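Asks: Next up is a structure, given as structure tokens.
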Amino acid sequence: MSQYLLEIKNVSKFFSGLTAIDALNLKVKKGQIYGIIGPNGAGKTTLFNCITGIYTPEEGEILWNGKEIKGTAPDKIAALGILRTFQTIRLFAEMSVAENIMSGRHIKSNQKWYNGIIPTPAYYKDEKYNWEKVGEYMELFGLSEYATTPAGDLSYGVQRKIEMARALAAEPELLILDEPAAGLNENETKELAEIIRKIQDMGVTIMMIEHDMDMVMSLCEYMTVINFGAWICDGIPEHVQDNPAVIEAYIGVEDEDEDE
Ligand SMILES: Nc1ncnc2c1ncn2[C@@H]1O[C@H](COP(=O)(O)OP(=O)(O)OP(=O)(O)O)[C@@H](O)[C@H]1O
Ligand SMILES: [Mg+2]
């Protein structure tokens with residue numbers, strides 16, 4: 001068994017002539033908070049899309065607990081224990097906060113779809129347990145007061161938390177966060193950092209893309225910097241921060257707006 005939970009080995013992803021990921025290598029250890037940083041358009045989200053099965057890289061291997069998962073469909077990747085949030089929030093706007101989180105829970109459920117129509121005692125027991133867990137996640141994220149509110153009625157910062165709670169409700173082994181602090185104010189960002197630490201304490205390995213350098217440097221134990229899809233440097237935050245190649249990659253793009 002590999003000592004790494006996830007290994008990216010020589011992975012390349014091309015989009016009609018553009019090299020979005022260029023022979024990238026990285027290894028994530030169980031329990032780590034692992035950062036991916038790089039300027040806009042560096043290929044960070046594309047990497048996460050390759051890991052979560054949205055894209056299949058043309059070259060290289062993606063190993064999960066030592067086994068190749070490249071080309072596996074997104075729902076199967078989720079069932080393996082790899083869950084994510086998106087750079088642009090994707091929630092069921094009309095559904096309540098509790099129902100949104102429950103939808104994540106159902107990835108984990110043993111029940112078949114027809115048990116909702118022909119419920120069995122096991123189904124009721126399972127559903128009761130699932131709602132209890134949803135309650136716990138709402139508490140962890142400070143969302144209990146919004147339990148019955150449609151997600152679409154809530155602020156951006158709250159919606160980011162709902163999305164994370166939904167991913168966590170599936171009890172992932174690896175939680176992948178694409179710019180979790182984007183659009184959050186300073187207090188919300190601090191609160192989020194505390195929640196991420198609590199998630200790590202629950203035994204969940206975390207990979208995150210983030211442009212908020214204070215947050216990345218204080219949270220991540222290890223990180224890889226990419227530019228034009230290629231590796232620039234990796235290491236502990238102190239090492240990465242002082243690397244001239246990293247500083248150069250960021251020159252001229254520092255003040256650019258974060259995203260769409
Ligand atoms: N589906 C696609 N088709 C064609 N090109 C794409 C596609 N997805 C991403 N790209 C291109 O791949 C490159 C990397 O994009 P990606 O979204 O991964 O960057 P990023 O590092 O996440 O940037 P940001 O910090 O702005 O979110 C960009 O040049 C982008 O235009
Ligand atoms: Mg991105």
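Asks: Is it true that Ile206 is under 22 Å from Ala78 (Cβ atoms), within 16 Å of ligand 1 (Cβ to nearest atom) and touching a residue at least 60 places away in the same chain (Cβ under 8 Å)?
Replies: When the stated conditions are applied, Ile206 does not pass them.
Asks: Something else: Name the residue that is farthest from Glu173 (Cα to Cα), counting only residues in the stretch 50-73 that are outside any loop (DSSP other than H, G, I, E, B) and in contact (Cβ under 8 Å) with a residue 24 or more places away in the chain.
Replies: Applying the filter and picking the extreme gives Glu59.
Asks: Among the residues of the stretch 32-65, write down those that are open to solvent by 20 Å² or more (accessible area, probe 1.4 Å), more than 16 Å from ligand 1 (Cβ to nearest atom) and either out of contact with any strand residue (DSSP E or B) (no Cβ under 8 Å at 6 or more places or on another chain) or within 26 Å of Thr88 (Cα to Cα) (or both).
Replies: Answer for the stretch 32-65, where residues must be open to solvent by 20 Å² or more (accessible area, probe 1.4 Å), more than 16 Å from ligand 1 (Cβ to nearest atom) and either out of contact with any strand residue (DSSP E or B) (no Cβ under 8 Å at 6 or more places or on another chain) or within 26 Å of Thr88 (Cα to Cα) (or both): just Gln32.
Asks: Return yes or no: is Gly35 within 27 Å of Leu219 (Cβ to Cβ), assigned to a strand (DSSP E or B) and either at pLDDT 95 or above or within 16 Å of ligand 2 (Cβ to nearest atom) (or both)?
Replies: Yes, satisfied.
Asks: Within the stretch 171-189, can you find the residues that are open to solvent by less than 10 Å² (accessible area, probe 1.4 Å) and touching a Lys or Arg at 6+ places or on another chain (Cβ under 6 Å)?
Replies: Selection gives Ile176 alone.
Asks: Would you confirm whether any residue within the stretch 84-105 is more than 16 Å from ligand 1 (Cβ to nearest atom) and over 22 Å from Ile162 (Cβ atoms)?
Replies: No, that holds for no residue.
Asks: State which residue pairs qualify: first residue closer than 18 Å to Tyr250 by Cβ and inside the stretch 29-47, second residue open to solvent by 30 Å² or more (accessible area, probe 1.4 Å) and within 7 Å of ligand 1 (Cβ to nearest atom) in any location, beta carbons under 7 Å apart, and separation of 6 or more residues or different chains.
Replies: Thr45/Gln87
Asks: Can I ask one more? Give the residue that is least open to solvent (accessible area, probe 1.4 Å), with candidates limited to residues of the stretch 2-30 that are part of a loop (DSSP other than H, G, I, E, B) and out of contact with any strand residue (DSSP E or B) (no Cβ under 6 Å at 6 or more places or on another chain).
Replies: Among residues in the stretch 2-30 that are part of a loop (DSSP other than H, G, I, E, B) and out of contact with any strand residue (DSSP E or B) (no Cβ under 6 Å at 6 or more places or on another chain), the one least open to solvent (accessible area, probe 1.4 Å) is Ser2.
Asks: Let me ask you something else. Filter the stretch 118-147 down to the residues that are open to solvent by less than 100 Å² (accessible area, probe 1.4 Å) and among the hydrophobic types (A, V, I, L, M, F, W, C) and list them by number.
Replies: Ala122, Val134, Met138, Leu140, Phe141, Leu143, Ala147
Asks: What residue, among those in the stretch 5-31 that are away from ligand 1 (no atom under 13 Å from the Cβ) and among the aliphatic types (A, V, I, L, M), is farthest from the chain's Cα centre (by Cα)?
Replies: Step by step, filter the stretch 5-31, then rank; the result is Ala23.
The values are calculated or read from the model by the stated rules, or taken from the named source; none is laboratory data. If you're wondering where the values come from, they're calculated on a predicted model, not measured in any experiment. Every residue, glycine among them, receives a Cβ derived from its backbone with ideal geometry; neighbour counts consider all protein chains shown. Protein only, heavy atoms only, side chains kept; ligands, DNA and RNA dropped before computing areas. Shrake-Rupley method; radii C 1.70, N 1.55, O 1.52, S 1.80 Å.
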